[in-house]
Amino acid sequence: MVERAGPPPHDPASSEVFRADVDLDKLKRALADRATPVAFVALACCPEFIGAAPARLSNLKEAARLAREAGVPVVLDASRIAMNALFVQRHEPGQEKRSLREIIRELAACGDTLVVSAKEACLANCGGFVCTQKEEVYQGVRSLVVVYEGLHTYGGMAGRDMEAVATGLLEMCQPEFIGWHQYQLEQLARALEGAGLPVVKPVGGAGVYLDARRFAPHLPPEQHPALAVACAIFLGAGVRCGERGLASRPRLEATANGAGMELVALCPPMRVYSLAHLQYAAKAIAGVYARRDTIHGLRLRQAAGALSGYGALFDPVEADTVLPVPPPDPQAQPLEYEPYRTKTVEVLRTTDREYRERAAAEAGFNTFLLRSEDCYIDLLTDSGTSAMSDDQWAAAMLGDESVAGSWDFYQLEEAQREVLGFAHMVPVHQGRAGEHLISQAMIKPGDTIPGNMYFTTTREHQELAGGTFVDVIIDQAHDPASQYPWKGDIDLNKLKSLIEKVGAKRIPYVKYECSVNMAGGQPVSMENARAVSELCHAHGIQVMFDATRCAENAYLIQKKDPKYHKVPVAQILKELMSYGDGCTISAKKDLLVNIGSFCATNHRWVYERMREMCPIFEGPLTSGGMTGRDMACLAAGIYEMVDDTYIRSRVEATQYLGKLLLDAGIPIVEPPGTHAIFLDARRFLPHIEQDQYPAQALAAELFIEAGIRAMERGNVSAGRDKKTGQNKRPKLELVRLTIPRRVYSRSQFELCAEAVIRVWKRRESIRGLKMVFEAPQLRFFTARFERL
Ligand SMILES: *Cc1c(COP(=O)(O)O)cnc(C)c1O
């Protein structure tokens, strides 16, 4: 039989943190009672049914000592040992200086045999193990494993599952993960409490619990208030909670002290949801709480054995449904939050300021020369840094690696036609390779190529083909303070006079970039695209998009142009592309892949020329140097980038960071663009002369302040004037914070903003830099500096 030796844990009003402590006197009595022999003493770290509250290390040690003194073995459920250790470290006197790992070791030593669910402790999706000091237990368990589980060398786990468990065992000792999880729980509890909800305090290690009796006091205990409230929360908020009440534990309840609690458990999985998701959940649940009078109770329809909670069925009492209020309008659902959750995490390394000072000096105060592992938040570029979706990874596994005629190539062709709509496509390994092919196919020496602002690699390839780039973007694009909504537009008058000046025959095409990178991610308007297309086609000039950020641009058309508010992004993009004759594109940006790309055209002759060059410079015509899996990921990415919910969250994340900075009075390029926020170093550090590289100095300070890596876009990037040998001293002296797609959460953007604000507050003490090494070309990649 089971004897409970703990204090009454069923008091939702208790403020005791260590509610899983063993009542040592009770244990002593049980051990001394020779009439009922004791098989073993079962101890647990953060047991589930009391809200995963922890036990003191000293208490468990004493309990183990008593058991051993009486010759009774101790079985410890160590499934939440790391969480328990965190509470010990934080709340048990004398333990605060010890590492989590040391405390875990000592907790583990309280058991002679440990039972571990790897799903809790080891951050794994399945698996577990038993370990023991006792030879006879080991032999006994081993012989049972082959009967119930699998061979004793895998126990029903796949090899990869065991790998995950082994890695997870080490990860659980990292205070960042457990600590972050606990922080999330506390924030969730605070948000719920702030909305007046009956939260069970103090918060334990597995979740936040709501007292259903206070949530729905009109429901009698036999109507399963906890289950009814959990159902109402699902119906009204789309949030799934667990039930910890009579419905799921009738048998356990029979042995418990006093009346059972009716709890609703909100147990966010570890490392899956962002803080913003949890805040959304709290808000939505508060909405249900406001209508709590309308919740109906439940009555059992069909029981289901011992673990009844898993299979029992219930019906609402005197009603059709538990919550007779319609769920919220899906349009009002959480679009401002990340529309995805985490499946795989990459561990971020924290460093201290002293370390970063040294790292910055070793890198010559050039953020390009830093090691990425030293960067806590890496905003160097949005190129190739996207997080791929589960669909993309799955597609990668199916990649057809045939040298010619890969299935994935045809999928890619189809995706391109469906989403962008061009007739012919040539695959290439990345954007600049497509620029090379198109420039060589279309430009003759002496030609002029007008465009809405230059891009480095684009202009380089136009010039290599003998062409000259002419900027015809509107003037507002060059003014960082202009609020004009379409700062990417082409100035039609500039374009007209250029056509008159050089003649339409010397203009093979106009380069028309979406969400113009060098202008700060500024969009073009649909009207401008239409007008540019009409003007060009009237003169027999083609329009070639740089479609690198075409989906971001399409989203801003939906957002800013009232005519398109209700039109899906996919349809807007199709219309936008219909004004062009083809495109180059860097798929490493909007198309959500780490490598790969293509270029496209509606004209057979352009296609034929590019086809001739593709095998020479890139690879086979059906791969362009990409692997089958690269093409598979790219084909999937093309569809994903025009998902309305995704692209909205992408652009709004950037805008959110911009807003945080603007609200704090930080000088940035306005309005915030789509893929990056640019700090205006001239206004940020007005005391630093431009030849002392204020933007470079500011980027270095951001890294030193908080491990945030940004990129200089100013005097260093601009280089020297070939004639005078002097620095070009460009008008814009900027630091670019570039946002990778689907990688960082809202709280990480908040951290970035806080870091920028801290640097802003101490801006007067920041000194300029002296360049001590400089390469003859593209110096910004390798230049080294010293502080003045
Ligand atoms: C990145 C980029 C390119 C070049 O593409 P890569 O894939 O880096 O070769 C071209 N145009 C724009 C606007 C870009 O942002």
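The values are calculated or read from the model by the stated rules, or taken from the named source; none is laboratory data. This structure is a prediction, so every number in the text was calculated from the model and none was measured. All Cβ positions, even for glycine, are placed from backbone atoms using ideal geometry, and neighbour counts span all protein chains on display. Note: accessible area is taken over every heavy atom of the protein model, side chains too, but ligands, DNA and RNA are not part of it. Shrake-Rupley method; radii C 1.70, N 1.55, O 1.52, S 1.80 Å.
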- Could you give P(r) for the range 631-681, binned at 5 Å from zero, as whole percent values over all Cα-Cα pairs? 5, 20, 22, 16, 13, 10, 8, 5, 1
- Spatial separation of Cα centroids for the range 106-183 and the range 556-631, in angstrom: 49
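How much of the accessible area of the chain, probe 1.4 Å, is carbon plus sulfur, in whole percent?
Working: 19000 of 35490 Å².
Carbon and sulfur together cover 54 percent of it.
Counting only Cα atoms, I'd like the Rg/Rh figure for the range 53-102, Kirkwood definition for Rh.
Working: Rg = 11.9 Å, Rh = 11.7 Å.
Rg/Rh: 1.01.
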- Message: Ratio of alpha-carbon Rg to the 2.2 N^0.38 Å globular estimate for the range 70-147, to two decimals, please.
- Response: 1.24
- Task: Could you order peptides 62-72, 700-710, 132-142 by the average number of other Cβ atoms within 10 Å of their residues, highest first?
- Result: 700-710, 62-72, 132-142
- Note on the structure: Under Stokes-Einstein, the range 445-546 at 20 °C and 1.002 mPa s, with its Kirkwood radius over C-alpha pairs, diffuses with a coefficient in µm²/s of 159
- extent check for the range 578-684: Cα max minus min per principal axis, descending, whole Å, gives 54, 29, 26
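With every protein chain present, what is the per residue accessible area of the chain (1.4 Å probe, Å²)? Numbers along the way, then the final one.
Values: 35490 Å² over 788 residues.
Per-residue value: 45 Å².
Using the alpha carbon gyration tensor of the range 402-489, what are the three equivalent-ellipsoid semi-axes (square root of 5 times each eigenvalue), largest first, in whole Å? Each step should come with its number before you reach the end.
Details: eigenvalues 189, 78, 22 Å².
Equivalent-ellipsoid dimensions as semi-axes: 31, 20, 11 Å.
Which peptide among 586-596, 350-360, 215-225 comes first, and what is the full order, when sorted by highest mean count of other Cβ atoms within 10 Å? Write out the running numbers ahead of the final one.
Numbers: 586-596: 25.9, 350-360: 13.7, 215-225: 19.2.
Descending mean neighbour count gives 586-596, 215-225, 350-360.
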- Item | All-pairs Cα distance distribution in the chain, expressed in whole percent, bin size 10 Å | 2, 11, 18, 20, 18, 13, 10, 5, 2, 0, 0
- Check cross-link reach from Lys728 to the aspartates and glutamates: straight Cα distance under 17 Å, and skip same-chain residues fewer than eight apart. Glu689, Asp691, Glu712, Glu774
- Which percent of the Cα-Cα distances in the range 19-84 go past 16 Å? 43
- Query: In the range 547-588, how does Rg compare with the Kirkwood Rh, expressed as the Rg/Rh ratio over alpha carbon atoms?
  - Reply: 0.99
- Message: Which of the three applies to the range 622-743, rounded, prolate or oblate, going by the alpha-carbon gyration tensor with a ≥ b ≥ c and a/c under 1.5 meaning rounded?
- Response: oblate
- Message: Within 10 Å, Cβ to Cβ, of Phe545, how many net charges do the neighbouring residues add up to if Lys/Arg are +1 and Asp/Glu are -1?
- Response: -2
- Note on the structure: Cα extents of the range 356-502 along the principal axes, largest first, in whole Å, come to 53, 52, 33
- Message: I need the shape label for the range 455-611. Rule: rounded when a/c is under 1.5, else prolate if a/b > b/c, else oblate, with a, b, c from the alpha carbon gyration tensor.
- Response: rounded
- Task: Find, to one decimal place in angstroms, the Kirkwood hydrodynamic radius of the range 150-197, where the mean of 1/r is taken over every pair of different Cα atoms and then inverted.
- Result: 13.4
- Taking only Cα atoms of the range 735-788, radius of gyration then Dmax in Å: 15.5, 41
- Of every Cα-Cα pair in the range 340-443, the percentage lying beyond 16 Å is 76
- Taking 489-496, 17-24, 781-788, 226-233 and ranking on average Cβ neighbours within 10 Å, highest first, one gets 226-233, 17-24, 489-496, 781-788
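Just to confirm a number: summing +1 for Lys and Arg and -1 for Asp and Glu over residues other than Gly768 whose beta-carbon lies under 11 angstrom from that of Gly768, what do you get? If you can, show how the numbers build up before the last one.
Details: positive: Arg767, Lys770, Arg787; negative: Glu689, Asp691, Glu786.
Taking every other residue near Gly768 into account, the sum is 0.
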- Charge tally in the Cβ shell below 13 Å around Val510, where Lys, Arg are +1 and Asp, Glu are -1, Val510 excluded: -4
- Heavy-atom SASA rank of Phe87, Phe129 (probe 1.4 Å, accessible area, largest first): Phe129, Phe87
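Rounded, prolate or oblate: which fits the range 178-300, taking a ≥ b ≥ c as square roots of the Cα gyration tensor eigenvalues, rounded meaning a/c under 1.5, else prolate when a/b beats b/c? Walk me through the intermediate numbers first.
Working: a/c = 1.97, a/b = 1.34, b/c = 1.47.
Here the range 178-300 falls in the oblate category.
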- Please grab the % of Cα pairs in the range 29-183 that end up more than 26 Å from each other. 30
- Query: Quick one: Cα centre-to-centre distance for the range 363-394 and the range 38-83, in angstrom?
  - Reply: 44
